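Enquirer: First the structure, then my questions, so here it is.
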């Protein structure tokens with residue numbers, strides 16, 4: 001009786017959720033949080049649905065794993081494949097509980113929206129420098145930003161640093177031991193990261209749903225509604241918690257991610273190598289459609305048309321399994337143009353020094369160093385742009401500058417996840433004299449020191465452009481070599497991304513790559 005009452009309560013809550021979503025009310029999200037159906041239980045299979053609940057209130061069997069035997073088989077198939085095929089990654093080699101926790105924590109934060117190939121070098125350097133949480137907590141934010149430079153999404157490094165300091169100071173060195181405490185106590189740790197750390201480092205039996213797992217589950221169970229909708233989100237977490245192996249939760253979650261990264265890929269999935277192909281609704285549909293001699297596949301969602309998990313768009317034969325998942329349309333990136341200036345002065349030992357300013361501690365590229373810059377809110381003449389830049393530099397130096405000192409260099413394009421940024425680059429070379437900075441968060445760095453500073457990839461591109469157009473041009477004049485190529489007046493030169501195979505490069509590597517290409 002108690003199970004029936006509990007089941008009825010969950011079903012009624014999901015029914016109300018469906019009604020709220022159809023009316024477009026914001027209350028839908030709140031109801032999801034309170035409902036949280038646990039589809040790992042098999043009560044529905046034995047007791048059926050209450051008469052007051054519609055068939056669309058809970059996912060149909062088509063979108064779930066109602067048969068425990070299928071769940072056991074999928075676990076076995078996936079884990080056997082993972083044991084044979086898993087990649088050897090540095091954070092999967094763990095020596096102790098404390099190192100395990102920190103290794104998983106650091107790697108999961110770094111892997112957020114970043115490829116494994118890029119993360120490995122950063123992870124190895126990070127763990128070599130700060131092998132314990134106490135070591136990381138004692139570091140400065142400047143050191144953390146410097147180590148993180150080039151990895152992108154810089155707030156991640158800051159949150160990791162803040163979390164280490166909180167563990168040492170507030171938690172007395174004790175790591176949180178549950179998924180709930182991870183969520184509550186560690187900054188920058190969300191639902192997925194808490195589940196990943198909890199299952200991999202702590203052995204907690206919980207599913208973990210990241211982008212790869214979303215794709216795998218949506219294809220396995222033909223979930224074609226928008227993948228970010230509340231109904232789909234909760235359905236995927238319910239499936240993940242149903243499937244996770246209670247004896248090897250960490251391995252199972254990593255196997256799901258590995259499957260999505262290497263087999264069930266966004267484009268060109270390798271279905272013939274999939275260890276759980278027999279459980280895939282999408283693959284079965286593709287085979288049924290392609291095999292015209294067989295009878296149509298009669299297995300389908302019984303609530304099609306009203307189901308919150310079924311696709312609203314028609315099936316596209318050319319896409320095949322790539323019909324799933326359905327992602328929301330991306331907003332086009334915001335277009336920005338930023339004036340930036342490479343300011344150079346003679347150094348004490350004959351080496352040029354460059355003026356850098358530090359960005360605010362919050363927002364885009366928080367805490368990183370950059371050349372003096374100014375957001376260009378409207379297109380102005382080149383003279384007005386130079387005048388505006390000189391005004392910014394004059395405030396930093398406390399010395400008036402005239403626009404005649406400012407020379408146009410070129411343009412650099414850099415794409416953030418949500419911003420299409422164009423840096424309009426100028427340069428100013430100062431003579432000997434009073435060029436001490438008059439504002440906080442400004443410093444002069446030699447070229448060698450600039451290589452080690454916490455700077456963004458965009459600044460590295462600006463450095464490359466400046467080297468090509470200014471420094472190399474002066475060398476050509478000094479050696480008598482002429483450059484016959486003149487930029488067209490109607491087209492301003494731009495520099496795009498370096499050809500680096502998708503990997504982030506250090507500033508030194510940027511210069512080396514450019515030299516090899518030219």
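The values are calculated or read from the model by the stated rules, or taken from the named source; none is laboratory data. This structure is a prediction, so every number in the text was calculated from the model and none was measured. So basically every Cβ, Gly included, is an ideal-geometry build from the backbone, and we count neighbours across all protein chains shown.
Enquirer: Taking the options 401, 364, 389, 374, name whichever one is at negative phi and in a strand (DSSP E or B).
Expert: That would be 374, the only listed residue that is at negative phi and in a strand (DSSP E or B).
Enquirer: Any idea which residue in the stretch 224-246 is surrounded by the most Cβ atoms within 10 Å (Cβ to Cβ), counting only those that are assigned to a loop (DSSP other than H, G, I, E, B) and at pLDDT 95 or above?
Expert: Step one: list which residues in the stretch 224-246 are assigned to a loop (DSSP other than H, G, I, E, B), which gives 224-225, 227-229, 244-246.
Then drop every residue that is not at pLDDT 95 or above, which leaves 244-246.
Working: 244: 25, 245: 20, 246: 9.
Here the answer is 244.
Enquirer: Within the stretch 36-52, how many residues turn out to be over 17 Å from residue 236 (Cα atoms) and either crowded, with 18+ Cβ neighbours inside 10 Å or modelled with pLDDT of 95 or more (or both)?
Expert: Final tally of qualifying residues: 1.
Enquirer: Here's a follow-up. With respect to residue 255, determine if the residue is farther than 16 Å from residue 324 by Cα, in contact (Cβ under 8 Å) with a residue 24 or more places away in the chain, within 20 Å of the chain's Cα centre (by Cα) and in a loop (DSSP other than H, G, I, E, B). Even if it seems obvious, please write down each step before you answer.
Expert: Details: farther than 16 Å from residue 324 by Cα: yes; in contact (Cβ under 8 Å) with a residue 24 or more places away in the chain: yes; within 20 Å of the chain's Cα centre (by Cα): yes; in a loop (DSSP other than H, G, I, E, B): no.
Here the answer is no, as residue 255 does not meet what is asked.
Enquirer: Being over 14 Å from residue 340 (Cα atoms) and surrounded by 17 or more Cβ atoms within 10 Å (Cβ to Cβ) narrows it down to one residue among 389, 397; which is it?
Expert: Among 389, 397, only 397 is over 14 Å from residue 340 (Cα atoms) and surrounded by 17 or more Cβ atoms within 10 Å (Cβ to Cβ).
Enquirer: A follow-up question, please. Across the stretch 414-431, what is the total count of residues that are part of a loop (DSSP other than H, G, I, E, B) and either more than 27 Å from the chain's Cα centre (by Cα) or within 26 Å of residue 353 (Cβ to Cβ) (or both)?
Expert: Qualifying residue count for the region: 2.
Enquirer: From (1) closer than 25 Å to residue 336 by Cβ; (2) within 36 Å of the chain's Cα centre (by Cα); (3) assigned to a helix (DSSP H, G or I), pick out the condition that doesn't hold for residue 383.
Expert: (2)
Enquirer: Of the conditions (1) more than 30 Å from residue 273 (Cα to Cα); (2) part of a helix (DSSP H, G or I), residue 196 clears all except one; give me its number.
Expert: (1)
Enquirer: Additional query: So which residues in the stretch 171-180 are within 27 Å of the chain's Cα centre (by Cα) and either in a loop (DSSP other than H, G, I, E, B) or closer than 24 Å to residue 139 by Cβ (or both), if there are any at all?
Expert: 175, 176, 177, 178
Enquirer: Here's something else I'd like to know. Only one of (1) in contact with a helix residue (DSSP H, G or I) (Cβ under 8 Å, 6 or more places away or on another chain); (2) under 30 Å from residue 332 (Cα atoms) is not met by residue 378, so which one is it?
Expert: Here residue 378 meets the rest and fails (1).
Enquirer: If I ask for residues that are under 23 Å from the mean Cα position of the chain (by Cα) and within 21 Å of residue 285 (Cα to Cα), which ones from the stretch 236-248 would you list?
Expert: 236
Enquirer: Within the stretch 320-359, track down each residue that is surrounded by fewer than 11 Cβ atoms within 10 Å (Cβ to Cβ) and part of a loop (DSSP other than H, G, I, E, B).
Expert: 328, 329, 330, 331, 332, 348, 349, 350
Enquirer: Taking into account only those residues within the stretch 207-223 that are under 17 Å from residue 79 (Cβ atoms) and crowded, with 21+ Cβ neighbours inside 10 Å, which is farthest from the chain's Cα centre (by Cα)?
Expert: The qualifying residue farthest from the chain's Cα centre (by Cα) is 220.
Enquirer: Further, regarding this structure: Here are some conditions: (1) over 30 Å from residue 115 (Cα atoms); (2) surrounded by 18 or more Cβ atoms within 10 Å (Cβ to Cβ). Residue 306 meets all but one. Which one does it not meet?
Expert: Evaluating residue 306 over (1) over 30 Å from residue 115 (Cα atoms); (2) surrounded by 18 or more Cβ atoms within 10 Å (Cβ to Cβ) leaves (2) as the failure.
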